[in-house]
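Heads up, the thing below is written out as structure tokens.
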Amino acid sequence: MTAKPPSIIWISGASAGIGAALAAATPYRDARVIDLSRSGGGTAEHLEVDLSDPADWSRVERHFEAELEAYEGDRVVFIHNAGTITPIGRADAVDRDAYRRAVLLNSAAPQILGSAFLRASAHLTCERHLVMLSSGAAKTPYAGWSSYTAGKAAIEQWVRTVALEQPDGCRVIAVAPGVVDTAMQTEIRSTDEQAFPSVERFHDLKRTGSLSTPTAAAAGIWSLLTRDLPNGSCVDLRDL
């Protein structure tokens with residue numbers, strides 16, 4: 001008989017960047033790690049889903065339910081890392097279909113999938129952790145990033161609100177990892193100033209070596225699960 005894993009960890013967008021680094025640095029021995037993404041290719045198991053497509057949200061919900069219905073391990077963790085900066089540009093000028101997908105992925109998917117995880121794990125008595133990736137953009141507006149900044153702000157308010165509903169239940173937090181050297185940063189720097197007036201700031205961060213690495217960001221995020229943080233905390237790794 002195959003031993004049951006002491007931990008199940010879901011990470012959305014674990015095929016690259018911070019998500020892949022999180023999957024590679026899981027601190028729990030013998031944990032089962034599942035990547036929720038379109039492409040896969042990381043170190044984890046892979047459930048192929050497009051999280052900008054509402055039809056696939058139901059697939060993830062059914063997956064959570066099937067995996068957790070009879071779960072008897074020590075902890076369950078869902079880290080929602082998936083998001084997109086695309087399209088960059090004025091809300092009245094960018095491609096409308098790309099903008100719609102960005103709103104669904106950045107704003108709606110975190111709430112729907114977070115709710116699904118809470119519901120599927122509600123009967124468990126083990127540790128439960130729900131971690132949402134946020135950004136400094138949740139508090140600072142940038143022209144050209146409307147779908148991204150609005151999505152991150154929505155995540156933080158959702159986390160604060162849901163934590164009030166989970167006083168003795170799931171631990172729910174949001175974390176901004178800082179400016180991390182990933183493909184997203186490359187995309188930002190390749191944008192022209194007309195679409196993103198603040199682009200020079202991100203060129204400066206790269207030139208001065210001020211970007212964090214995905215490995216460092218992952219270590220900081222994992223450390224939050226053992227820190228004494230109030231439920232509903234929205235933290236920035238740069239402030240710790």
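The values are calculated or read from the model by the stated rules, or taken from the named source; none is laboratory data. This structure is a prediction, so every number in the text was calculated from the model and none was measured. Don't worry about glycine lacking a Cβ; one is built from the backbone with ideal geometry, like all the others, and counts go over all protein chains shown. Accessible surface areas use protein heavy atoms only, side chains included; no ligands, DNA or RNA. Shrake-Rupley method; radii C 1.70, N 1.55, O 1.52, S 1.80 Å.
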Please verify whether segment 77-86 includes one or more residues that are more than 24 Å from Arg227 (Cβ to Cβ), of a type in the set (A, V, I, L, M), touching a helix residue (DSSP H, G or I) at 6+ places or on another chain (Cβ under 7 Å) and part of a loop (DSSP other than H, G, I, E, B). yes
Selection count where residues are basic (Lys, Arg) and closer than 23 Å to Gly17 by Cα, scope segment 30-77: 2
Condition broken by Gly169, with the remaining ones in (1) touching a strand residue (DSSP E or B) at 6+ places or on another chain (Cβ under 8 Å); (2) crowded, with 17+ Cβ neighbours inside 10 Å; (3) more than 16 Å from Leu224 (Cβ to Cβ) satisfied: (2)
Could you list, in sequence order, the residues of segment 33-56 that are without any contact (Cβ under 8 Å) to a residue 12 or more places away in the chain and surrounded by 15 or more Cβ atoms within 10 Å (Cβ to Cβ)? Asp56
Does Thr191 satisfy the condition of being hydroxyl-bearing (Ser, Thr, Tyr), in contact (Cβ under 8 Å) with a residue 40 or more places away in the chain and either open to solvent by less than 20 Å² (accessible area, probe 1.4 Å) or assigned to a loop (DSSP other than H, G, I, E, B) (or both)? yes
Taking the options Asp236, Asp181, name whichever one is within 23 Å of Ala21 (Cα to Cα) and open to solvent by 40 Å² or more (accessible area, probe 1.4 Å). Asp181
Under 8 Å between Cβ atoms, which residue pairs at least 6 apart in sequence (or on different chains) link something in segment 143-172 that is without any contact (Cβ under 8 Å) to a residue 40 or more places away in the chain with a partner that is of a type in the set (Phe, Trp, Tyr)? Thr149/Tyr142
Could you tell me whether segment 96-106 includes any residue that is in contact with a strand residue (DSSP E or B) (Cβ under 6 Å, 6 or more places away or on another chain), open to solvent by 30 Å² or more (accessible area, probe 1.4 Å) and not in a loop (DSSP other than H, G, I, E, B)? no
Restricted to segment 111-166, and to residues that are outside any loop (DSSP other than H, G, I, E, B) and of a type in the set (S, T, N, Q), which residue is most open to solvent (accessible area, probe 1.4 Å)? Gln157
